[in-house]
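Reviewing the structure listed below.
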Ligand code: DX5
Ligand code: ZN
């Protein structure tokens, strides 16, 4: 099956991060957010090197692929994305985002990912300036602005990092998605949309609530 494309530009999308979900009931957790109308599911891949935490690899993505048709938005928080990206694509990832801090020749890597048939995102840590992705982001479908230090769910939103969205939106125009990740909830969502973000990752704010559908509705209502 060929990879799914990202939702059309100009629409605000909520991408629940399964990092805060119950991994023993993943299919049901994903079904709940897809029933609530989300079109993207955010998968956090951590290697214990780039970030001080470990999560999932291609075997888990393979089983997630079998249980949903949502876009699998795969965020690689790993030191060697070039070594592993293809395995995630083979497992069923539709979209791959890599960290600018981990790749010496990002333009060539973007092309490699495109050749694999997926859409591409580049991301940057809170302390990395927006200028670091200015050129390569134009070649991508999405830029992900980290609004916490990557590694864990449930951290406090860093407003100074989110403000990078404003410059990026000005440089990139309306057709490239700007995603934010970390500390997004019904309070911070309107702020980041005001800065120019159109793709909102939320882990704890959704899977930390008993009623996932209501939690998604709360965020939607806040940005309407
Ligand atoms: C953090 C991950 C996030 C995380 C966000 O390193 O990249 O995707 O799940 O979690 P919340 O929404 O709980 O801050
Ligand atoms: Zn993430």
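Taken together, the values in this text are just the output of simple stated rules run on the coordinates, not laboratory data. None of the values given here were measured: they were computed from a predicted structure. All Cβ positions, glycine included, derive from the backbone under ideal geometry; neighbour counts span all protein chains shown.
As a proxy for reagent exposure, ranking 170, 101 by other Cβ atoms within 10 Å from fewest up yields 170, 101.
Of the peptides 146-159, 178-191, the order by per-residue mean of other Cβ atoms within 10 Å, starting with the highest, comes out as 178-191, 146-159. Of interest is the spacing of the C-alpha centroids, which for segment 16-35 and segment 78-128 amounts to 24 Å.
Per residue of the chain, the DSSP helices (runs of n ≥ 4 H) give a summed -39500 (n - 2.57) that works out to -10000 deg cm²/dmol at 222 nm.
Expressed in nm to one decimal, what extension gain is obtained for the pair residue 222 and residue 135 from 0.36 nm per residue of sequence separation less their Cα-Cα distance?
Separation in residues times 0.36 nm, less the Cα-Cα distance, equals 28.1 nm.
Looking at the chain, the DSSP beta bridges with both ends there are about 5 percent antiparallel. Going 7 Å from the Cα of residue 155 toward and past its Cβ, which residues in segment 47-79 have a backbone nitrogen under 15 Å from where you end up? Label zone hits: 47-55, 76-78.
Normalising the average separation of contacting C-alpha pairs (under 8 angstrom, six or more residues apart) by the number of residues puts the relative contact order of the chain at 21 percent. Ordering 17, 93, 2 from the fewest to the most neighbouring beta carbons within 10 Å gives 2, 17, 93. The largest-to-smallest principal axis extents of the Cα set in segment 13-223 are 43, 37, 31 Å.
Going by how many other beta carbons lie within 10 Å of each one, how would you line up 104, 94, 141, fewest first? Don't skip to the end; give the middle numbers.
Numbers: 104 7, 94 24, 141 21.
With the sparsest Cβ surroundings first, the list reads 104, 141, 94.
Would you look at the GNM of the chain, springs on alpha carbons closer than 10 Å, and say which of 81, 52, 106 moves the most? For the chain, modelled as a Gaussian network with Cα springs under 10 Å, the answer is 52.
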